[in-house]
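The values are calculated or read from the model by the stated rules, or taken from the named source; none is laboratory data. Just so it is clear, the model here is predicted, and its values are computed rather than measured. So basically every Cβ, Gly included, is an ideal-geometry build from the backbone, and we count neighbours across all protein chains shown.
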Amino acid sequence: MSNETPYTQVRVSQAHDSACQQVAGAALYIDDIPEPRGTLQVYVAQSPHAHARILQCELDDVAHQPGVAAVVTLEDIPGVVDVSCIHAGDEPVFAQGTVQFLGQPIYAVAAETLDAARLATQHARIEYEPLPAVLTVEQAMAQQSFVLPPRKIKRGDPDTALQGAKHRLQGSLRTGGQDHFYLESHISLAVPEDDGGMLIYCSTQNPSEVQSLCARVLDLPDAAVKVQVRRMGGAFGGKETQPAQLAIIAALVACKTGRPAKVRLDRDDDMRMTGKRHAFVIDYDIGFDDQGLIEGVRFVQKVRCGYTADLSGAVADRGVLHCDNSYYLANVAVESYRCRTNTVSDTAFRGFGIPQGVMGIERAMLDIAQHLGLDPLEVRRRNLYGPGRDQTHYGQTLSNMILPEIIDQLVEESRYDERRQAVQAFNQTHRYLKKGIALTPVMMGISFTRLHLNQGGAFINIYKDGSIALNHGGTEMGQGLFIKVAQIVAHELGVGVEKVRITATTTEKVPNTSATASSAGSDLNGMAARDAALKLKGRLSEVACRHFGAEAEAIVFQDGHVQAGEQRISFEKLVGLAYLERTSLSATGFFKTPDIHFDNDTFHGHPFLYFAYGAAVSEVLVDTLTGEYRVERVDILHDVGRSLNPAIDIGQIEGGFIQGMGWLTSEELHWDDKGRLRTHAPSTYKIPSVGNRPDVMNVKLMENPAFRSATPYHSKAVGEPPLMLAVSVYQALLEAASEVVPRPAMDAPITPERVLLAKPMAGAKQACAKGLGREEAATLL
Ligand code: LUZ
Ligand code: MOS
């Protein structure tokens, strides 16, 4: 069989398969599915305290309110009460004895309408004894309140290196959390089946996990629970583990009443009740030479995890793995504390601890540059991984490390040097308006850090008219996974992508799947689908050999036809012949990532199949009298290997960058001293809008023909790495602010208020430390 098929279906831009329906409002989300007759609406009653003992819980009156069909509590659970993804036993479906955060589910009411269900909760009589709550990282550290034990890793001899270094600086910064703000909030519709099974439509990145956790809680075999999702209206990690609890509440209602039941959170409830990006406090101690070369570094990362472990162990590990960003750290120590707080349990969010890990070293880069009076880009370049300095602190040797080329090309194309001079000239001639420009690199290891998750499955049917139905374990959250996998199948079978029918993800067709996460969706599911397509192609090829009287090597699948030399038959006709010859036209495919291993105890190994690289230059203009700013221009050069679909990839890069920018600039979560989230709606929580788009935004894919890997046609993952490019905006804002405040201590997000109130970081020796105000400091420049 020839493998010389030209790339007409992959490595070309193809529109998202749902683009037209989405623009027309015709794409179905779970709330658009016509409700089965008798569907109940479920309201989940929430804890009004951050931490309290439940003394008494009297719900009889609730159950007797008009329209109420059922009240569901812990007592209705036939199986295991825990819904934690790692079976930690710390996440009960409903609060058990004590409430652990404000917003925690306590019980659920099912009624004919959502209003009736919500109103009925006013008739509950619950008595609480408030307990002291741990709300901040500082409180958790003081009380040694952790969801998991601390992790401490080390390479080389950081203490000796720090003591011997000519220059040494310490600093600390905080990065805030982030709400996922998917447009479609959490939703599940559970439909009981006549054999005791349960069908759940769930907005989830992880149907198999919803299935198995639901089966545990309902005391059913996994095979009796089916979970299906055609698409999500955004997810970003917020639907990697957190849909299970709500899906299970819907299923408990369905189980108890025998009626379909829907749980659908409104925006405020979604923001209060579901987990977010982990906030970090990062302390660093860094020693370096006159050129800015790092000799030793110590990081302490204090991670706010909320009340349960959830994925916090893996998230915090990613923060440790990526504390280097793209820099060689010969002598490094990291301490990572996984703090337990009485706040909602934090979870996966695009980047998964990496953005936070990167922020520490990038903040230090600016410190080093300003201390030595160097261009921060020079310091970054000197510290990059390179020949002889290519092993990470966890033991993986880098390959295809093209960051120097990316940076050189980006510097040239964005005219960085010239613009940096212009920024300096601008700052000398403007007293209150200040500019900053910064280039930061990104390097993200691709693979789940938990080995067993690195597998994918697919299932393809070809029907006797030649039409193709594709199914795989990945979920579509808007990122374009489905079109990419369809392109792969189309390429292998030599048909147009429009001939491949994309079907909903369901645990009935492909079992035991991993979450669509870790940016690995198209790698894992694409390779699995390719495996299935190649099996079918092999069988069809045998039929073609007989039909043409040709050798297998001569058969080519191309342009909707199958040919051998001059002979040619349409794909549909060949399939018809295959059917008559009694050929199996259905195949499963499977893929497991090769060559990866990691010892979780020693934190050593080769955890990643490959790395994705990129860099961004951001230029900002700040009004130091009001704190307002604009991102004037962004240039991005990003590496996706050999892109499967450049249009989709550029969309992911733009979206990831803007989402990262929101995290670092305007999206601020604020909990008060009672543990109440005060920013639980778009009125108080500001995501980037059209007006915040950089005035100029140039996004380009880096040519990377040399990349070879066990990925679809040597493409690279793109979902998460670009989010970290937004660190360049943060750095540019720091640079602009440091025109008036030496070594500004500005935590993320850098809101306009933070710019206005910027203070020098402890240890900054210059003007402001002498007690000068912003205006006076400005006059010194
Ligand atoms: N999810 C996960 C992830 O479960 N494990 C990971 O290693 C990971 N990495 C990035 C994003 N999501
Ligand atoms: Mo994720 S943060 O769901 O890859």
Residue check for Y327: closer than 20 Å to E720 by Cβ and out of contact with any Asp or Glu (no Cβ under 7 Å at 6 or more places or on another chain): yes
Under 6 Å between Cβ atoms, which residue pairs at least 6 apart in sequence (or on different chains) link something in region 491-519 that is more than 22 Å from F236 (Cβ to Cβ) and of a type in the set (A, V, I, L, M, F, W, C) with a partner that is assigned to a loop (DSSP other than H, G, I, E, B) and more than 16 Å from ligand 2 (Cβ to nearest atom)? V495/G560; V497/Q9; V497/Q14
Yes or no: region 471-478 includes at least one residue that is away from ligand 2 (no atom under 16 Å from the Cβ) and modelled with pLDDT of 95 or more. yes
For region 523-554, give me the residue count where each residue is within 20 Å of R501 (Cβ to Cβ) and touching a helix residue (DSSP H, G or I) at 6+ places or on another chain (Cβ under 9 Å). 12
May I ask you to verify whether L102 is touching a Gly at 6+ places or on another chain (Cβ under 9 Å), in contact (Cβ under 8 Å) with a residue 12 or more places away in the chain and not polar (S, T, N, Q)? yes
Check A309, A348, A333, A314 and return the single one that is outside any loop (DSSP other than H, G, I, E, B) and within 23 Å of the chain's Cα centre (by Cα). A314
Could you tell me which residue of region 452-483 is surrounded by the fewest Cβ atoms within 10 Å (Cβ to Cβ), considering only residues that are away from ligand 1 (no atom under 16 Å from the Cβ) and over 27 Å from R582 (Cβ atoms)? G478
Here the residues within region 318-358 that are within 20 Å of A88 (Cα to Cα) and away from ligand 2 (no atom under 16 Å from the Cβ) are S336, Y337, R338, C339, R340, T341, N342, T343, V344
Flag for Y201 being farther than 28 Å from G655 by Cβ and part of a strand (DSSP E or B): no
For region 746-766, how many residues meet the condition of being farther than 18 Å from V620 by Cα and not in a loop (DSSP other than H, G, I, E, B)? 2
For region 1-36, give me each residue that is touching a residue at least 24 places away in the same chain (Cβ under 8 Å), closer than 28 Å to T204 by Cβ and in a loop (DSSP other than H, G, I, E, B). V10, Q14, A15, H16, D17, S18, A27, L28, Y29, I33, E35, P36
For region 8-36, give me the residue count where each residue is surrounded by fewer than 17 Cβ atoms within 10 Å (Cβ to Cβ) and of a type in the set (V, I, T). 4
Apart from one, (1) within 16 Å of ligand 1 (Cβ to nearest atom); (2) of a type in the set (A, V, I, L, M, F, W, C); (3) surrounded by fewer than 24 Cβ atoms within 10 Å (Cβ to Cβ) all hold for A517; the odd one out is (3)
Any idea which of (1) within 20 Å of S47 (Cβ to Cβ); (2) over 22 Å from the mean Cα position of the chain (by Cα); (3) surrounded by fewer than 24 Cβ atoms within 10 Å (Cβ to Cβ) is the one G258 doesn't satisfy? (1)
Which condition number does A532 fail, the rest of (1) under 24 Å from K716 (Cα atoms); (2) part of a loop (DSSP other than H, G, I, E, B); (3) more than 26 Å from the chain's Cα centre (by Cα) being met? (2)
Restricting the search to region 351-364, which residues are assigned to a helix (DSSP H, G or I) and either of a type in the set (G, A, S) or within 15 Å of ligand 1 (Cβ to nearest atom) (or both)? I354, P355, Q356, G357, V358, G360, A364
Consider G353 carefully, then state whether it is crowded, with 24+ Cβ neighbours inside 10 Å, in contact (Cβ under 8 Å) with a residue 12 or more places away in the chain and in contact with a helix residue (DSSP H, G or I) (Cβ under 6 Å, 6 or more places away or on another chain). yes
